[in-house]
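For reference, the structure is listed below as C-alpha cells.
Nothing in this text is a laboratory measurement; each read-out follows from the coordinates by a stated rule. What you see is a predicted model, and the numbers here were worked out from it, not measured in a lab. Cβ placement follows ideal geometry from the backbone for every residue including glycine, while neighbour counts extend to all protein chains displayed.
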Amino acid sequence: PRPAELPQTEAAATRQLSLRMRPRRNRADAWTRRLVAENRLSTDDLILPVFSLDGENRREPVASMPGVERLSLDLLVGHVAQAVELGIPAVALFPVTPNELKTPDGAEAANPDNLMCRTIRTLKGQFPDLGLIGDVALDPYTSHGHDGLVRDGVILNDETVEVLVAQALAQADAGIDILAPSDMMDGRIGAIRDALDARNHQLVRICSYAAKYASAFYGPFRDALNSGGLLKGDKRTYQMDPANTDEALREVALDLQEGADMVMVKPGMPYLDIVSRVKQTFSVPTFVYQVSGEYAMLKAATANSWLDNDKVVMETLLGFKRAGADAILTYSAIEAAKLLRQMRG
Ligand code: PBG
C-alpha cells in the first residue's frame, strides 16, 4: 500500500493545493527518512559517568538519580564491563570520598593512593582499551564543598591551581587517559599541561570543562558525592553566569590556547546554543554533559509515564548531535547503547 495518500475523493481533490515542493515526500517512508537523516547518534559518541565507593561488595543507589548506583570497585568492574561490551569508548570517574577524609584544603585529592587513583588503576588493569576520564576539581575532597581553596569566604584562584596540578599529576601517574578539569579556575589548563609535559605525560589529554555554568542542575550529583549538604554558598564566583554566551567563547578560546585537546559545555539541554556556537566557532572536539539534574528530570517524568523513557532519552541525545557535539557524557549511556544495538539489529 502507498503511504502518505493524497486525498482521493472528488471533494477532497478540489481542495488540492498546487504545490511543487512537498517536504512531506521525504518523510513518507522509514527508508527515505533514513536516507535523508542529517545526524545520527552512535555508541561511539557516548561517555558513561560512574561513581566509585571504598570497600567491597557495596552498592548504594543515588536516590535522586533512579538507576544510578555508587559501587565499590569489585562491583564497578562488572558495571563497566557492560559498557565495554556495548562498545562505549570511555567512562568518566567520580569517586565518593568519605566525609571524614574531606578537609578545608582538599589534600586527599592529590593522594596517590586515594579512591580516584585506585579506581583508575583497577579499571586500567581490567580494561586496557577503555578510555578513562578523571575529573579535576577539589569539591569531592573539601569539607566546604567548593572546587577550590577558600580564604575569608573567597575562592582562591592561583593557590587552587597549584593543588589542581598535584591532583592532575596523581591521576596521570595512576594511568588516567583524559584529565577533565571541572573547577573553572583561571589558568589551570596551561598549568596542568606544563606539569604533565614536564613529567613525560605528553599523551595524557585534557578535556576542559571550558563553559561550565553555575547551574541548579548539578543537585543530584552533589547528593551522589555527599558534597551538596556541605556546600557553603554557591559557585557563582567561578562557574559561569547562565546569562552569557560570548563569555563561553572567550573561555573556550583561552583553554584552547592553554593546550586543551577537547572542550566541554555543561549542562547540556538548556545550553544547546552554547554547544552549537562553540563547535561552529572553533571546530574542535566539543563534548557536552547531560548532567545529573537533566537525568533526574527525565527519569521523574518517565517513572510517572508522563514521558516515554526510551524515546526521550534518544531524542535528547540526538539533540546534542544536532547542536554539534562530538561526544556526550550521559548517565543514560548504557541504556542508549542498548537501544542503539536493538535499532541496528
Ligand atoms: C565537580 C563536578 C560537578 C559535576 C561534575 N564535576 C559538580 C559541580 O560543579 O558542582 C556535575 C555533574 C552532574 O551534575 O552530573 N566540580
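Data table
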quantity	calculated
Degrees between helix 188-198 axis and first principal axis of the chain (Cα, 0 to 90, nearest 10)	70 degrees
Potential extension, ARG59-ASP113 segment - 0.36 nm per residue separation minus Cα distance	17.3 nm
Lysines with Cα under 24 Å of LYS235, excluding same-chain neighbours fewer than 8 positions away	LYS102, LYS212, LYS266
Angle between the chain longest axis and helix 309-323 axis [Cα atoms, degrees, rounded to 10]	80 degrees
Convex hull volume per residue in cubic angstrom - Cα atoms of the stretch 225-325	137 Å³
Per DSSP, loop chymotrypsin sites (Phe, Trp or Tyr not before Pro) in the stretch 282-345 with at most 13 further Cβ within 10 Å	TRP306
At R0 = 25 Å, FRET efficiency that the Cβ-Cβ distance of LYS124 and THR103 yields, to 0.05	0.35
Among ALA260, ASN99, ASN26 the positive-end extreme of the charge dipole of the chain (Cβ point charges)	ASN26
Relative packing of peptides 203-211, 322-330 - highest average C-beta neighbours within 10 Å first	203-211, 322-330
Charge dipole of the chain about the Cα centre (unit charges at C-beta), most positive-ward option of ILE192, MET297, PHE221	MET297
Within the chain, longest stretch free of exposed GluC sites (Glu not before Pro) [DSSP loop, at most 11 other beta carbons within 10 Å]	57-345
Calculated log₁₀ intensity ratio I(q)/I(0) where the Debye formula runs over C-alpha points of the stretch 40-344, q = 0.07, 0.09, 0.10, 0.12 Å⁻¹	-0.23, -0.40, -0.50, -0.74
